[in-house]
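Comments concern the structure below.
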Amino acid sequence: MGQDTAEPSIDARVQVAVDAWLRWLTRWQPSTHRSRTRLCRRCTGSPLVEAAGFDYDIPHSVKHALVMRLSALIEAEVDSYTERSLPLLSRELRDSEARQQARPYRPNDGLAPEYQGLDIDPEPDPGQPFLFTMAELAENAALGIRLPEPPPLTDAAKAALRHEMALADDHATRTGMAVCLALTDHRHRIQDAVERLVEPQVEALLHDLSRSLDAPL
Ligand SMILES: [Zn+2]
């Protein structure tokens, strides 16, 4: 893939992302909350999970944190390629970004990468009345805003834009594959960190749980 600028290579960027995740993992603690019942759209079936060598039984938050760091890397690379090489798509994205910026309430803004893509709302609890959710709040706040509609595109402009979108998709696929390949070089570091920092905590939690279940009333 064309590294035509002085940007760091994909390998170097994957190394930085894994390093940041390893630092984050030293502060990780198992959640004692009710576990989620919905599948995570970012992690489920992600080739990044497999390339990292994560086992099925590793807590979701551990996997999710790395998946989101690597997804951010891929998105940044596609953004930079779009900016450099795809002028029509760049302009579309800038316009749509300007419309997003006009929204007064954006609950996902400013979250650390480890927490992005997780549900912003708690799971609905059938026993509890629910006034409104964070997602609804953001939606309602946006409704009150009127933004000028962009002028309609001609057929030729639409076709040109679709072509640039296909190129951006191809670039995302190639970048994703390069990231997965680079990630396999870090599997031993990832596995070692999980064994040291995650497994003992999960075992301790299970041990406490089984003790409290066994305790006489
Ligand atoms: Zn996830």
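Residues that are over 16 Å from Pro30 (Cβ atoms), within 11 Å of the ligand (Cβ to nearest atom) and either among the small types (Gly, Ala, Ser) or in contact (Cβ under 8 Å) with a residue 24 or more places away in the chain (or both) within the stretch 46-66 comprise Ser46, Leu48, Leu66, listed in sequence order. Inspection of the stretch 55-75 identifies no residue that is among the β-branched types (Val, Ile, Thr), at pLDDT 95 or above and in contact with a His (Cβ under 8 Å, 6 or more places away or on another chain).
Summed over the stretch 9-46, residues that are modelled with pLDDT under 90 and either out of contact with any Leu (no Cβ under 8 Å at 6 or more places or on another chain) or assigned to a helix (DSSP H, G or I) (or both) total 8.
The values are calculated or read from the model by the stated rules, or taken from the named source; none is laboratory data. This structure is a prediction, so every number in the text was calculated from the model and none was measured. Positions of Cβ are generated from backbone atoms using ideal geometry, with glycine treated the same way; all protein chains shown enter the neighbour counts.
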